[in-house]
Amino acid sequence: MKEYTGKQNIINIDQKMIASLSQNQDQYNNYSITVYEVLETSGDLEAGTVIVREDTIGDCNDYLLDSKELSLLKRDPAAYLNNWAENWARNGEEDYIVECCRWRLSDPEDYAYEGEALCNILVKGCYQGYTPIDRAKDEQGETLQFPNSADAQLWIDEKESKTYYLSHNEAGRPAYTIIEA
């Protein structure tokens with residue numbers, strides 16, 4: 001695989017989408033990975049060329065697949081994109097667990113923890129059309145830390161005991177999952 005740096009503007013050529021995977025974090029402009037096949041020779045791109053596009057909200061990176069990667073993609077497009085997203089989550093600057101949940105590679109419940117180690121809480125929002133996921137934060141935007149799962153559960157119980165007012169486009173109360181820090 002190599003990054004496409006040719007002169008041809010890929011967005012303006014005739015292409016067919018083969019597969020796509022995106023986060024479900026925001027209502028619009030989620031990170032995505034999409035595989036396209038070029039349908040007609042245009043400029044320096046031959047018909048049949050397969051391109052993977054990483055779209056990171058305003059910044060697109062296009063990659064040309066070599067024959068080995070093309071074989072993997074054709075065998076199982078969903079697995080290929082899941083692997084791409086997992087590598088992105090693993091190598092990025094973001095929190096691996098949160099990113100895997102945002103890409104829907106795993107669910108917060110997969111990380112549920114009960115014990116005496118340091119804990120955090122994953123918050124899974126409930127909005128019309130999207131599901132933001134992040135660690136619970138304080139008013140300054142810092143991740144909340146709890147000495148154990150019992151203390152984290154007390155925080156959740158307090159949140160759930162109060163009246164919850166939905167914000168714009170929110171469809172329900174968030175779900176909380178205790179995870180090991």
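Rule-based calculations on the coordinates, nothing more; no lab input. Predicted model, so just to flag it, every value in this text is computed and none were measured. Virtual Cβ from ideal backbone geometry, glycine too; neighbours counted across all protein chains shown.
Less than 5 angstrom separates the built amide H of CYS119 from those of PHE146, ASN148, ALA181, all sequence-distant by 5 or more or on a different chain. Stretched out straight at 0.36 nm per residue, the stretch from ARG173 to TYR113 would grow longer than its current Cα-Cα span by 19.5 nm.
Placing R0 at 25 angstrom, the Cβ-Cβ distance between LYS137 and ASP59 gives a FRET efficiency of 0.45 after rounding to 0.05. For TYR31, the amide hydrogen comes within under 5 Å of the amide hydrogens of GLN23, counting only partners 5 or more places away or on other chains and with H modelled in the peptide plane.
Angle of helix 149-161 to the longest C-alpha principal axis of the chain, folded into 0 to 90 degrees and rounded to 10: 90°. Each residue of the stretch 82-87 was assigned a 3J(HN,Hα) from its phi angle through the Karplus expression (A = 6.51, B = -1.76, C = 1.60, θ = phi - 60°), giving 4, 5, 4, 5, 5, 4 Hz with x at Gly and Pro. For ALA47 and ASP26, a Förster radius of 35 Å and the Cβ-Cβ distance give a FRET efficiency of 0.50, rounded to the nearest 0.05. Can you list residues whose amide H is under 5 Å from GLN15's amide H, if they're 5+ apart or on another chain and H is modeled 1.01 Å from N? Residues meeting the amide H criterion: LEU39.
Quick note on the stretch 2-102: its Rg to Rh ratio, both from C-alpha atoms and Rh being the Kirkwood radius, is 0.97.
Per residue, the average separation of C-alpha pairs within less than 8 Å and at least 6 apart gives the stretch 15-64 a relative contact order of 30 percent. Dividing the summed helix terms, -39500 (n - 2.57) for each DSSP H run of n ≥ 4, by the number of residues in the chain produces a 222 nm estimate of -7500 deg cm²/dmol to the nearest 500. Taking every alpha-carbon pair under 8 Å whose residues sit at least 6 apart, the stretch 67-181 reaches a relative contact order of 29 percent. Taking a ≥ b ≥ c as the square roots of the eigenvalues of the alpha carbon gyration tensor, the stretch 108-180 is prolate, as a/c is not under 1.5 and a/b beats b/c. The residues LEU154, LEU70, when put in order of fewest to most other Cβ atoms within 10 Å, stand as LEU154, LEU70.
The ranking of LEU81, LEU21 from fewest to most other beta carbons within 10 Å of each one's beta carbon is LEU21, LEU81.
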